[in-house]
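Step one of this worksheet: look at the structure below.
Throughout, read-outs are computed from the coordinates displayed, never taken from laboratory work. Bear in mind the structure is a predicted one, so any value in this text is a computation, not a measurement. Note that each Cβ is placed from the backbone with ideal geometry, even for glycine, and that neighbours are counted across all protein chains shown.
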Amino acid sequence: MTVQTPISTAGSRIRRKYNIDVDIVLHDGTQISGNVFLMKEERVQDLLNDPRPFFPIRLPNQEIMLINKSAVAVCKPIEVVNGGS
């Protein structure tokens with residue numbers, strides 16, 4: 001999980017989001033890897049089940065793509081293993 005540094009101003013609607021690495025497979029077989037943006041206590045499942053029809057994903061080339069939730073067949077968070085202990 002990567003923490004996105006928030007940009008905040010007093011009274012702003014901007015909130016701290018976390019980048020979560022995911023692998024997505026669409027119904028047509030297209031595979032997409034990137035980061036989705038979640039609130040602190042939010043899960044990928046919550047993102048997929050909220051009422052908005054689209055969600056943004058940051059691709060490895062830093063482009064932002066909007067994904068239509070109805071096109072998603074599989075969305076798996078990627079577990080990042082830290083080296084060391």
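Stokes-Einstein diffusion for the stretch 15-77 at 20 °C, viscosity 1.002 mPa s, with a Kirkwood radius from C-alpha pairs, works out to 181 µm²/s. Along the Cα→Cβ direction, 7 angstrom out, place labels at Arg16 and Leu48. What is the inter-label distance in nm? It works out to 2.7 nm between the two label points. By the beta-carbon count within 10 Å of each Cβ, the least crowded to most crowded order of Leu48, Leu66, fewest first, is Leu66, Leu48.
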